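Nothing in this text is a laboratory measurement; each read-out follows from the coordinates by a stated rule. Only a predicted model underlies this, so the values are computations on that prediction, with no experimental measurement involved. Please note: Cβ atoms are built from the backbone with ideal geometry, for glycine as well, and neighbour counts cover all protein chains shown.
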Amino acid sequence: MFSREYIKAVKVNEIFDTGIKKPNYRKLRGYAFDPSLSLQLDTSAINTTTFKIKWEDLSGKPGNQNFVNNQNQEPNNQDKGIKGEYVEIIDFDPASGLFYEGADLNDPYILAQDGLEPSESNPQFHQQMTYAVTMRTIENFEKALGRKALWSARYDEHLPNGQREIFVQHLRVYPHALREANAFYSPLKKALLFGYFPAPTKDLSQHLPGGMVFTCLSQDIISHETTHALLDGMHRRYIEDTHPDSLAFHEAFADIVALFQHFSMPEVLVHQIAKTKGDLTSQSLLGELAQEFGKAIGNYGALRSAIGKENPETKKWELSTPNPNDYNEVIEPHARGAILVSAVFDAFISIYNLRVKDLFRIASGGSGILPEGELHPTLVKLLAAEASKSANHVLTMCIRALDYCPPVDINFGDYLRAIITADADLVPDDDKNYRIAFIDAFRRRGILPKYIKTLSVESLVYPLVRVGDIETKLSYISTFLRDFQNDVAYASNRSLIHDINIDYKRKLHGLLEGKFENSIEFSDLTGLLFSDEDIRRFSLGADSYGLPKFEVHSLRQARRVGPNGDALNQVIISITQKREVPKEEWSKFIEGNDSMLKNINPADNAEETITFRGGSTMIIDLDTHKLKFCINKLMVDPERLKEQVIYQKGTQDDSLHATYFSKILTKDNPEPLSMLHRM
Ligand SMILES: [Zn+2]
């Protein structure tokens, strides 16, 4: 029996928790769009928003690394600055050779005011803005994927013990890296580099005369660049320009994330829904990206002309009508990316319209035609809630699909199949027809996956694999992967997750080698080359190359819960192979076609080989111990090789390819995204 005093003491402790817990969030003010909208009367009121960022310790000191140019600069001797778990903000300005003083977001005055006040002239606010938006984008990504995000590793062939990958703890963010109209993610430096440049003085409604445009103050540009880095962290081969869709996909995906993040700002959403009377197909801030940069320079993201544009005759903004030839004809990465962005936005509009149908019916007394004048505030609130839910749903579908994409040579058709498969895997019953909305939007733009005859959900979902004789061998793998998942689940930080990944990738490589050496069944399953028999059956000519080595490219765990509480417990592994295709072999795809021959880019080294990659993304269900999907890019695929050769070595449009792509395609160009974003 406890004494009365003891019981009293326990109760007092229950009532009064004397320990002060750390807060869940850090609130930081920032621009909802960019500074230009604060200059316009109708948008200035909604252009300040408050980001709620998960609380983290920011007392670390950002490094003094200066990757912007290679000169030795003064080290960063400030003892303040923003450095968290994922990013560090390094405010070095190479044009002046100076570090700007770092912001101290832990300062009590700053904490008590939800961060620094938005200001174009305060570099510390610029740091806060880049930090807040970067973190928000990372949080959205992690929420959709159900695991922690890792940046793409650094590679070093000379590490001991066959180890090649070095963990990258921080993405380095340079708010004032360039004095030019550019901003980009550098895969080489693992950094976001934001530029600034004098505003064109022509249009005084957009900029103060003589002012500067800071790309680091645009929420869209920051989320776009952060998304490039997140995508590279998951799929590091996607910056290889092997197909007209490769870099276009990077651009489009970055825009999709930036675009749908607009719908998570409640004040903006309510304001714009009221203004458009709930019609998201009419022009609104929600569907535009990087306004200030776009107006200053002309073009930034894929999106600017994607959803709609001003009709030069009527001067009225119009929704663009999709053209089923677009996908076949448009090659330039931004324009091509715009096709994908508009397809996803179109799917979103259909989903939203479906969700608000009843609300409109009630509000219009059944006629569907809303009365003149403003919408009732309650209706606006309800519509905004539906828009936000739909946007969140579409964004989550788009991010999750990344786990169902092949590890190399992605195209838009693959992505559509990934979206549909990922969704069908988690949500068996598509009672709201979300999947149909996606398929329909893609179809209207001519995006058809290869080898698919009809565009139905059934034909687009990757078929469940049949493993046949190697089932027992595969079940060893799934037992092994369960250990991996348990280890990762208890890993307390990202560095440890990276180490566990590396360790299990190495072990998995050994296991696959041991179990499937010379296994033609495994070759068939993955579309890769594992059996000597492959050399014969594909007439590969063993004298020029034997079986290529394989790489365990990635290993990821995924635990997801669907809307009905159905849970998925999976591990995704991807395996890749490559071979260098000699000129004698690839040139036959161009020879005999005069129009292509004359367009061969003279800048290319004639002796160059072409790197051709194959890969398989394998999705293993840990609850059933079954390999569910294999999403393959075949190692022997003459059709795909031909496409790559024609894309890389020939061209339909010599002027564009020679001037634009030759620079991107320079072998091993480490900064493909820099060139794409430069104006
Ligand atoms: Zn981009």
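Would you please classify the overall shape of the range 431-576 from the alpha carbon gyration tensor, given that a ≥ b ≥ c denote the square roots of the eigenvalues, rounded means a/c under 1.5, and beyond that prolate means a/b larger than b/c while oblate covers the rest?
In terms of gyration-tensor shape, oblate.
Within 10 Å of each candidate Cβ there may be at most 15 other Cβ atoms; applying that plus a DSSP loop requirement, which trypsin sites (Lys or Arg not before Pro) in the range 394-466 survive?
Lys432, Lys450, Lys453, Arg466
Can you give me the distance in nm between label points at Thr609 and Asn569, each placed 7 Å from the Cα along the Cα-to-Cβ direction?
Each label point lies 7 Å from its Cα, and together they span 4.5 nm.
Arrange the peptides 185-193, 101-109 so that the one whose residues have, on average, the most other Cβ atoms within 10 Å appears first.
Listed from highest to lowest mean packing, they are 185-193, 101-109.
Only loop residues by DSSP count here, and only those with at most 15 other Cβ atoms within 10 Å; note down the GluC sites (Glu not before Pro) in the range 419-526 that meet that.
Glu517
May I ask you to derive the FRET efficiency for Arg443 and Asp42 from their Cβ-Cβ distance with R0 = 45 Å, giving the value to the nearest 0.05?
0.75
For the range 337-463, with equal point scatterers placed on the C-alpha atoms only and solvent neglected, what are the log10 I(q)/I(0) values from the Debye formula at q = 0.11, 0.13 1/Å, to two decimals?
Results for the range 337-463 at q = 0.11, 0.13 Å⁻¹ read -0.44, -0.59.
Hey, rough spin-label estimate for Glu142 and His625, points 7 angstrom out along Cα→Cβ, what's it come to in nanometres?
Each label point is offset 7 Å from its Cα along the Cβ direction, giving 3.4 nm.
What spacing in nm lies between the two simple spin-label points modelled at Leu359 and Ala491, each 7 Å away from Cα in the Cβ direction?
Using points 7 Å along Cα→Cβ, the separation is 4.1 nm.
So how much slack lies between Met212 and Lys381, counting 0.36 nm per residue of separation and subtracting their Cα-Cα distance, in nm?
57.2 nm
Taking Lys381 as the anchor, which lysines have their alpha carbon closer than 30 Å to its alpha carbon, excluding any fewer than eight residues away along the same chain?
Straight-line reach from Lys381, under 30 Å: Lys27, Lys52, Lys54, Lys143, Lys275, Lys277, Lys309, Lys316, Lys357, Lys389, Lys432.
Provide the FRET efficiency to the nearest 0.05 for the Ala95-Arg164 pair, computing r from the beta carbons and using R0 = 45 Å.
Working from the Cβ atoms, E equals 0.80.
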